[in-house]
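Visitor: Just dropping this structure here.
The values are calculated or read from the model by the stated rules, or taken from the named source; none is laboratory data. These numbers come from a predicted model, not from an experiment. Note: ideal-geometry Cβ built from the backbone for every residue, glycine included; neighbour counts use all protein chains shown. Just so you know, the surface numbers come from the protein's heavy atoms only, side chains and all, with ligands and any DNA or RNA stripped out. Shrake-Rupley method; radii C 1.70, N 1.55, O 1.52, S 1.80 Å.
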Amino acid sequence: QPLQREAPGSLVPASGILESYVSSLHARGDSLWVGPYLNLTTDGGTTWEVLEHDSLRNSGNSMLSIDQVGDVVWAGLGYTCTSTGESLPAAGGFLFSEDAGGTFRYRFPQLDVPGDTLIEYGISTIRVFDAVTPENSPPYGIDYDAGTDLVWVAGGWSGLRRSSDRGNTWERVVLPPDSLSAIYPDSAYTFRLDPEPARGGSYNHRLLSVLVDETATIWVNRSEQNHSNY
């Protein structure tokens, strides 16, 4: 598993994009961020910088997702895990900046405490899948909402998560199962918040992307695949 480190990292000059492929792109003003190694150009590609941080440069992590709003930058990290005998995408944590990328800090993956299998939703107590290992739960999508100071993550089998404290803790978000088009806090439910239909879960709980639009509506995209490599 990639190194987990809290010490800050910073951008340093680079000769260009430090990989032969691009995993993700995000533009904000003059800034263009490029994965997998968190490269930045602010002059149309004439010069480049790259983040110098153990969570990227001295680990198997790649940048899978990124968002910038004002001076706040969030990047989701993942890696390929082969310890189970097959190659699976895995959660590698997050990098977070409040000074437009001047410095970044690492945040741990959005995983659960073992046995944390219940969540309150309105009048209902819902059974949930506890994502306690990083496999199949990488942060495929990330979006920061400056209006609420919430960061939202589409985390594969870990579903939709959000954080209100800069990624120190993560909260599950309850979504409707495949059989329902909407859910309401004042109605009683018995479905499982689980990415595996064989356990009574739903494909709606396997997520690949998330977007907070200008009306504060949260959009997510689901997957019907067991897993996908990147």
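Visitor: For segment 28-54, which residues satisfy the criterion of being within 13 Å of GLY101 (Cβ to Cβ) and among the small types (Gly, Ala, Ser)?
Guide: Once the filter is applied, which keeps residues that are within 13 Å of GLY101 (Cβ to Cβ) and among the small types (Gly, Ala, Ser), segment 28-54 yields GLY29, SER31.
Visitor: Considering only residues that are among the aliphatic types (A, V, I, L, M) and at pLDDT 95 or above, which ones fall in segment 207-230? Don't jump to the end; show me each part of the working.
Guide: Step one: list which residues in segment 207-230 are among the aliphatic types (A, V, I, L, M), which gives 207-208, 210-212, 216, 218, 220.
Within segment 207-230, LEU207, LEU208, VAL210, LEU211, VAL212, ILE218, VAL220 qualify.
Visitor: If I ask for residues that are open to solvent by less than 50 Å² (accessible area, probe 1.4 Å) and either touching a helix residue (DSSP H, G or I) at 6+ places or on another chain (Cβ under 7 Å) or assigned to a strand (DSSP E or B) (or both), which ones from segment 11-29 would you list?
Guide: LEU11, VAL12, ALA14, HIS26
Visitor: Kindly evaluate LEU32 against the criterion of being open to solvent by 70 Å² or more (accessible area, probe 1.4 Å) and among the hydrophobic types (A, V, I, L, M, F, W, C).
Guide: Spelling it out, it is not the case that LEU32 is open to solvent by 70 Å² or more (accessible area, probe 1.4 Å) and among the hydrophobic types (A, V, I, L, M, F, W, C).
Visitor: On to the next question. Given the conditions (1) of a type in the set (D, E, K, R); (2) farther than 27 Å from GLY156 by Cβ; (3) modelled with pLDDT of 95 or more, report the number of the one that GLU98 does not fulfil.
Guide: Evaluating GLU98 over (1) of a type in the set (D, E, K, R); (2) farther than 27 Å from GLY156 by Cβ; (3) modelled with pLDDT of 95 or more leaves (2) as the failure.
Visitor: I'd like to check which strands (runs of 3 or more DSSP E) are fully inside segment 35-79 and have at least 1 residues that are among the acidic types (Asp, Glu) and open to solvent by 10 Å² or more (accessible area, probe 1.4 Å). Give the derivation first.
Guide: On the way: elements: 39-41, 48-52, 62-69.
Correct list: 48-52, 62-69.
Visitor: I would also like to ask the following. Tally up the residues in segment 184-203 that are in a loop (DSSP other than H, G, I, E, B) and under 24 Å from the mean Cα position of the chain (by Cα), please.
Guide: Start the filter on segment 184-203 by keeping residues that are in a loop (DSSP other than H, G, I, E, B), which leaves 184-192, 194-196, 200-202.
Among the residues that remain, those that are also under 24 Å from the mean Cα position of the chain (by Cα) are: 192, 194-196, 201-202.
Result for segment 184-203: 6.
Visitor: If you go through segment 175-182 one residue at a time, do you hit one that is in contact (Cβ under 8 Å) with a residue 24 or more places away in the chain and loosely packed, with under 13 Cβ neighbours inside 10 Å?
Guide: The initial filter retains those residues of segment 175-182 that are in contact (Cβ under 8 Å) with a residue 24 or more places away in the chain, namely 175-178.
Filter once more, so that each one left must be loosely packed, with under 13 Cβ neighbours inside 10 Å: none.
No, the conditions are met nowhere in segment 175-182.
Visitor: Something else: Counting only residues that are within 21 Å of THR190 (Cβ to Cβ) and either assigned to a loop (DSSP other than H, G, I, E, B) or open to solvent by 50 Å² or more (accessible area, probe 1.4 Å) (or both), how many does segment 106-128 have?
Guide: 10
Visitor: Additional query: Answer yes or no: is there a residue in segment 129-146 that is touching a Ser or Thr at 6+ places or on another chain (Cβ under 7 Å), under 23 Å from HIS26 (Cα atoms) and open to solvent by 10 Å² or more (accessible area, probe 1.4 Å).
Guide: yes
Visitor: Ok, one more. Evaluate the following for TRP219: is it among the aromatic types (Phe, Trp, Tyr), touching a strand residue (DSSP E or B) at 6+ places or on another chain (Cβ under 6 Å) and open to solvent by 60 Å² or more (accessible area, probe 1.4 Å)?
Guide: yes
Visitor: Under 8 Å between Cβ atoms, which residue pairs at least 6 apart in sequence (or on different chains) link something in segment 1-26 that is modelled with pLDDT under 85 with a partner that is open to solvent by 70 Å² or more (accessible area, probe 1.4 Å) and not in a strand (DSSP E or B)?
Guide: Final answer for the pair search is LEU3/ASN58; GLN4/PHE108.
Visitor: Moving on to the next point. How about segment 89-105: which of its residues are assigned to a loop (DSSP other than H, G, I, E, B) and either out of contact with any Leu (no Cβ under 9 Å at 6 or more places or on another chain) or charged (D, E, K, R) (or both)? Give the steps one after another, and end with the answer.
Guide: From segment 89-105, those assigned to a loop (DSSP other than H, G, I, E, B) are 98-102; that's our starting set.
GLU98, ASP99, ALA100 - these are the residues of segment 89-105 that are assigned to a loop (DSSP other than H, G, I, E, B) and either out of contact with any Leu (no Cβ under 9 Å at 6 or more places or on another chain) or charged (D, E, K, R) (or both).
Visitor: Considering every residue within segment 51-66, establish whether at least one is farther than 26 Å from ASP165 by Cβ and without any contact (Cβ under 8 Å) to a residue 12 or more places away in the chain.
Guide: No, because not a single residue in segment 51-66 is farther than 26 Å from ASP165 by Cβ and without any contact (Cβ under 8 Å) to a residue 12 or more places away in the chain.
Visitor: Filter segment 161-171 for residues that are more than 9 Å from the chain's Cα centre (by Cα) and open to solvent by less than 30 Å² (accessible area, probe 1.4 Å); which is farthest from ARG206 (Cα to Cα)?
Guide: If we take residues in segment 161-171 being more than 9 Å from the chain's Cα centre (by Cα) and open to solvent by less than 30 Å² (accessible area, probe 1.4 Å), then GLY167 is farthest from ARG206 (Cα to Cα).
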